[in-house]
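The values are calculated or read from the model by the stated rules, or taken from the named source; none is laboratory data. Remember, predicted model here, so these are calculated numbers, not experimental data. Here the Cβ is made from the backbone with ideal geometry for all residues, glycine too, and neighbour counts use every protein chain on show. Note: areas computed on protein heavy atoms with side chains; ligands, DNA, RNA excluded. Shrake-Rupley method; radii C 1.70, N 1.55, O 1.52, S 1.80 Å.
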Amino acid sequence: MASPPPPSMNQPAPCLKTYFKSPEGRYKLQYEKTHPAGVLHYAHGKSVSQLTVAYLKEKSPSLGPSAPSTPSSSSVVKSAAARLFVGVNGNKAFQFGGTNGGNKLVSGGSKFGGTFGSSAVSSGTNVPANYGCKGLYLIFNVGDTLFISDLNSHDKDPIKAIHFGNSNPLCHAFDSDAKDGHDLLIGLQSGDIYSVSLRQQLQDLGKRLVGAQHYNKDGAINNSRCTCVAWVPDGDGIFIVAHADGNLYVYEKHKDGVADPSFPAIKDPTQFSVSHARSSKCNPIMRWHICQGSINDISFSTRWHIFSNCWLLLVGYLRVFDYSKEQLFCGGKSYYGALLCCAWSPDDKYILIGGEDDLIQVWSMEDRKVVAWGEGHNSWVSGVAFDSYWLAPNPDGTEQIAIYRFGSVGQDTQLLLWDLEMDEIAVPFRFNPPGGSPTLSHGSHSAHWDAIVPLGTLQPSPSTWDVPKLSPIVVHRAHVEPLSGLCFTKESVVTICREGHIKIWARPGEIDVGQSNSDVVISNDRLAASTTLITNGSSHRQTARS
């Protein structure tokens, strides 16, 4: 498979179209977001820009102080309902410090400074007094700086820049339902982790993180880089941090970040294991050893109560764990190389994964296997996300076949949109020969579909002949630089390249994305529907190229 070429610094920028066509209409480039020119770019900063879109709610009158409350018992971990989480992995050159795969919710940020290092960067604009109120915000990292922009504003520059003088921020996550104000997690290349109040950062004009809680200080517990962070749904302040050495730690934000040297030594680095802290006063409270390679992405399910995480080995793996039972639920290999990103469908029935094989895979949680794969990228797939807001037109009012719309971006600089019809891929494409038993339409064996997959099994990648093939409905070169992520809002599609340049693409019929987005909450609770027919491994809907 093609590996990503190094960025060419001397070639003139090609002319990119400011729109792309889809079956439902034309998506238009509404506006762009970027960072000050003086910030170190990818080649020097050695970190890839990641994007989190966050919805900041109205401040609750009962909201307490932004600092975490007194330590709580580690039993809080078990008070959350059982959670399933998914992951992908594989060895690769250091191209991506960590990916979130799906959409992340965050908002706010201060204009200057950071507690990890005292130097500061100014965005050149004063933060208005009304920032920190209800709204959508974009959080993205570039080099050693974390930027925050107002998605509702057409201003190109960010409203806040938090500078980390001694380490690069690599990953971030936001919890819109945080009870004590600490809703933003930040993971650094040094292994340090911070939790802060996003609202408090936005309202502060200083040069430091305000009221930050510091964990794994100076890499005392694990000094390998943070690759991804995530809040445990309904976990009452529980969050997880994945590292490049294949370990994942569970923290309680209410506890002080006290180093815990009491975790036992890992006996077999190739085997999955879970260890609990020996004292209830320690933080982190658990260590999950996943593998010997880097964990690339983590995504939690809400319906299945499972979390999904992505990690890195010579041959990439997707693994789905039952968080409550501390067990492997299912998983399997990539076709080639590392897996880099993953995302749950809005109803948590399916998982998207992408990676170094340039392909998209669709996993069924019911079948615990690959049920479709897509080809369309010319290089590594760096981000995937379902579009929970898209609904296919239904002019005659008849009952529709369920269809999922999802998007993917890659290091080939392209944005791809896909339609996935469930009725056509839920069962294999078979015919009944006269006097014979049903087989796959191409004559191959049906073991992939007929075999019952036991729980906890890691499966080999199935033959592409045994699984339906998808084709993209849109192929669009969105940026000059390789893309690192995307997310969907009600009014737009947001893409980001690894250099930290963001584009907001308005959906067909939308005029002012910023005005419409001001009252939008990003959610994954709506299943897309459509009528695209997929037969013999390909879609009948034409691909729109721009």
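Among the residues of segment 199-211, not a single one is under 22 Å from Ser294 (Cβ atoms) and among the hydrophobic types (A, V, I, L, M, F, W, C). I'd like the full set of residues that are closer than 18 Å to Gly316 by Cβ, touching an Asp or Glu at 6+ places or on another chain (Cβ under 9 Å) and open to solvent by 20 Å² or more (accessible area, probe 1.4 Å), limited to segment 270-293. Within segment 270-293, Gln292 is the sole residue that qualifies. Within this structure, Ala265 fails the test of being modelled with pLDDT under 90, aliphatic (A, V, I, L, M), in contact with a Phe, Trp or Tyr (Cβ under 9 Å, 6 or more places away or on another chain) and surrounded by fewer than 24 Cβ atoms within 10 Å (Cβ to Cβ). One residue alone among Ser471, Ser463, Ser484, Ser446 is among the small types (Gly, Ala, Ser) and either at pLDDT below 85 or more than 19 Å from Gly355 (Cα to Cα) (or both), and that residue is Ser446.
Is there a residue in segment 404-413 that is modelled with pLDDT under 85, assigned by the TED database to the domain that holds Tyr27 and more than 25 Å from Ser273 (Cα to Cα)? No: zero hits.
Looking across segment 191-247, the residues that are in a helix (DSSP H, G or I) and open to solvent by 10 Å² or more (accessible area, probe 1.4 Å) come down to Arg199, Gln200, Gln203, Lys217, Asp218, Gly219. Annotation: Val127 fulfils all but one of (1) more than 30 Å from Trp363 (Cα to Cα); (2) among the β-branched types (Val, Ile, Thr); (3) modelled with pLDDT of 85 or more; the unmet one is (3).
Okay, residues lined up against (1) open to solvent by less than 10 Å² (accessible area, probe 1.4 Å); (2) touching a helix residue (DSSP H, G or I) at 6+ places or on another chain (Cβ under 8 Å); (3) under 15 Å from Asp297 (Cα atoms):
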| site | (1), (2), (3) |
| --- | --- |
| Arg319 | no, no, yes |
| Lys325 | no, no, no |
| Leu352 | yes, no, yes |
| Ile360 | yes, no, no |
| Glu375 | no, no, no |
| Ser379 | yes, no, no |
| Ser382 | yes, no, yes |
| Asp387 | yes, no, no |
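Being small (Gly, Ala, Ser) and crowded, with 18+ Cβ neighbours inside 10 Å: is that true of Ser176 here? Considered against the rule, which asks whether it is small (Gly, Ala, Ser) and crowded, with 18+ Cβ neighbours inside 10 Å, Ser176 comes out as no.
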